[in-house]
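Novice: Before I ask anything, here is the structure I am working with.
Computed from the coordinates by the stated procedures, all read-outs in this text should not be read as laboratory data. Since we're looking at a predicted model, the values are computed, not measured. Virtual Cβ from ideal backbone geometry, glycine too; neighbours counted across all protein chains shown.
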Amino acid sequence: MFRRKVTELPPCPQRPSWDDMEEDLKTSLKTDVVFTIAKKNQVDKARREDRRGSAGDKEAAGDGSADLVFLRAAEFVERNDSLLSSAASLAEEGERLREVSECLRETVEEVKKQALVAIDGC
């Protein structure tokens, strides 16, 4: 008489690939809402882990908790930002070194010419 209504749920969305997650992390800012809200959680968790000691660290690393994953993602963003700024500094210093190297080559050529003129003049 009464039939039970069957509700079909849509399939679960596909998990993002590592490339997608990496792209999201690269484009995120340190001031992103997720990171500002989680900062308090990070501090609280760090305090709890300090009280638990090293045994608690091993447990936290083994359970693959969402908090640990988030902490690693936040650390990745910070290190990625640092790496990007270091790469920019490295490029600037490389360009400066190229300019100095070219100037040095010109100076060496000029000294060689002066030495040849001095030798020929004797």
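Novice: Taking R0 as 41 Å, what's the FRET efficiency between V108 and R79 from their Cβ-Cβ distance, rounded to 0.05?
Specialist: My answer for the efficiency is 0.50.
Novice: Count the net charge of all other residues whose Cβ sits under 14 Å from the Cβ of P16, scoring Lys and Arg as +1 and Asp and Glu as -1.
Specialist: Numbers: positive: R15, K26; negative: D19, D20, E22, E23, D24.
Net charge around P16: -3.
Novice: What residues from region 79-109 fall in the zone where the backbone N is under 12 Å from a label point 7 Å along the Cα-to-C-beta line of K30?
Specialist: Answer for this model: 79-83, 85.
Novice: Once the piece of chain linking S101 and E22 is laid out straight, how much longer is it, given 0.36 nm per residue of separation minus the C-alpha distance between them?
Specialist: Gain on stretching S101 to E22: 24.7 nm.
Novice: How many angstrom lie between the C-alpha centres of region 86-104 and region 1-29?
Specialist: 47
Novice: Here is a further query. Pull up the cross-link candidates among the lysines for K45, meaning alpha carbon to alpha carbon under 23 Å and not fewer than 8 places away within one chain.
Specialist: K30, K58
Novice: Fewest first, what order do C12, C103 take by the number of other Cβ atoms within 10 Å?
Specialist: Going from least to most buried by this count: C12, C103.
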